[in-house]
Amino acid sequence: MRVSLTMPARGAYKKEPPAHCSQMSLKPPARDRLIVMTPKDLLKVLCNLHKRIGWSNNDSLAQDRKELEEQEYEFLNCLLVGDEHPLSIDDVQLSVCSKSLYRKRFRAVERCMSKIARLSGANFERWFSRFAQENPSVHPDGPCGDAHQFYKFLLANGQIPHSYIIQGYCWLARQLCYRLRCLFER
Amino acid sequence: MEASNVIASDVSLKAGTRLGIGWRPEIALAISQQPCLDFVEIVAENFMNMPALPPALLHLRELQVEIILHCISLSPGGAKRADQRKLQKINRLARETGARLLSDHICFVRARELESGHLMPVPRTAGAMRVMVDNILFLKERLEVPFALENIASICDWHNSHLDEAQFVAEVLERTDSLLLLDLANLYANSINHGFDPLEYLKQLPLHRLAYVHMAGGTMHGEFYHDTHAHAIPDQVYNLLATLRKMTDVPAVMLERDDKFPSEIELSRELNQLYTVCTRPPQTVGTAQQANSRNWFLQALSNN
């Protein structure tokens, strides 16, 4: 929002004061080139100006947020979904980063899944690739949330992990041993 | 085992740089066997929804090992401010663990509905800086413990950035009055991937804000260095730590390992090497001003 500092044209206030003057309780000037204001009026004008500048800063921050969101969304969209890459990022860097992110996500999910159920390597990766295409965004709850999402995806596609029960019991047993060890070491 | 005994037998450790490790469940037992540790860092998001802390962590606390919190999802460089409910949970966790420091990264992790699952670099523009500063001030108003910011490793960089990384980090820290969590492994990775001099980078940082240092390993894949946290710390990163010690007092140093977890002996060996670098007298001692500006974190740990 811009504040104009130009003087009013001759005779501009003869009919009725502009809207912003009435909001500020500014009386029309008695003479064209001389604005008569009481200290109280001056204070009001200054307060109003301060508010306007404040709004202007907030507007600017909101605009910055909007622009930043646009840039970052475009970036992530390119990395995760494979959309056209933004000009502000190097092509090779993006490609390496995208692969690296995919591998990291795969490893994280694999680690979490191994606590619940481990599928055979090749099968797991093939299904994970499909899963990542259909769900480009990592789960907001992190790797475990992602693993859970993947597990549901496998169930929905009839790929029930065959070793679920055995792996689950192994994991429980390991946890129990660990807790017992901690208990005895105290 | 021998390495950890060497550390334990040296009582001078308590008078110098503090030694810590990133606590992970996979190495919980190995960590509990390390008598040399002054603190452990836990990933806050992994514990904030848990009804209680794991027994292994409680055990460490009984041994007077300080617990500090590290966040990975507050996304201070994102377009949106952090979720208030999450901040409440983090505050509760800080009270529960007695943590006196909390940190996150200079990065973003989400945009609209997309979650990256990884720390992403922020475009280093004036607009992004304003948003980030506002987000961090919002965080700091609501967090009950002091806040530190960590530099990240990135393969991608924004061409439209107006500032270089060190300037951006320094400016964010100054404007938000935050502490610095300096990850030397990330600095090393970026210096290779983006071709800059890590020493020049260090010179531009407000080192009087240094809370502690992260040390980790990585590996080269093609032209890029990947900050994997799954390999041993390379010599170049140790050299950076030695250089940093010449420039300022380093209150605390921490080993980070997130994958391919080593055996207890290997872990001890790596901690021992870190300890050796931290206790070796630096060739150039920091100035009196630097010595006086040792932050609250060191003092807090010294009180234990």
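A few notes on this one:
- Residues of the stretch B:189-212 satisfying the condition of being within 14 Å of chain A (Cβ to nearest Cβ), surrounded by 15 or more Cβ atoms within 10 Å (Cβ to Cβ) and of a type outside the set (S, T, N, Q): B:A189, B:I192, B:H194
- Tally, over the stretch B:107-144, of residues that are over 14 Å from B:P76 (Cα atoms), more than 7 Å from chain A (Cβ to nearest Cβ) and either buried (at least 18 other Cβ atoms within 10 Å of the Cβ) or polar (S, T, N, Q) (or both): 1
- Those strands (runs of 3 or more DSSP E) lying entirely in the stretch B:214-285 with at least 1 residues within 28 Å of B:H118 (Cβ to Cβ) and within 14 Å of chain A (Cβ to nearest Cβ): B:219-221, B:224-226
- Annotation: of all residues in the stretch B:58-90 being among the charged types (D, E, K, R), touching a residue at least 12 places away in the same chain (Cβ under 8 Å) and outside any loop (DSSP other than H, G, I, E, B), the one that is surrounded by the most Cβ atoms within 10 Å (Cβ to Cβ) is B:E66.
- Filtered residue count, the stretch A:74-84, keeping only those that are in a loop (DSSP other than H, G, I, E, B) and buried (at least 19 other Cβ atoms within 10 Å of the Cβ): 0
- So A:K99, is it more than 7 Å from chain B (Cβ to nearest Cβ) and in a helix (DSSP H, G or I): yes
- Any hit, the stretch B:173-185, residues being surrounded by fewer than 19 Cβ atoms within 10 Å (Cβ to Cβ), in a loop (DSSP other than H, G, I, E, B), of a type outside the set (A, V, I, L, M, F, W, C) and modelled with pLDDT under 95: no
- For the stretch A:129-146, the candidate set comprises residues that are at pLDDT below 80 and part of a helix (DSSP H, G or I); within that set, the residue that is surrounded by the most Cβ atoms within 10 Å (Cβ to Cβ) is A:P143.
- Look at the stretch B:213-240: where a residue is surrounded by fewer than 19 Cβ atoms within 10 Å (Cβ to Cβ) and a partner is assigned to a strand (DSSP E or B), sitting 6+ places away or on another chain with Cβ atoms under 6 Å, you get B:T219/B:H226; B:H231/B:T219.
- Counting only residues that are within 12 Å of another protein chain (Cβ to nearest Cβ) and without any contact (Cβ under 8 Å) to a residue 60 or more places away in the chain, the stretch B:15-30 holds 2 of them.
- Filtered residues of the stretch B:97-142 (kept if without any contact (Cβ under 8 Å) to a residue 24 or more places away in the chain and part of a strand (DSSP E or B)): B:L114, B:E115, B:S116, B:G117, B:H118
- Candidate set from the stretch B:150-167 (those that are closer than 18 Å to B:Y188 by Cβ and assigned to a helix (DSSP H, G or I)); member that is nearest to the other protein chains (Cβ to nearest Cβ): B:E165
The values are calculated or read from the model by the stated rules, or taken from the named source; none is laboratory data. Just so it is clear, the structure is predicted and the values come from calculations on it, not from any experiment. Cβ: placed from backbone, ideal geometry, glycine included. Neighbour counts: every protein chain shown.
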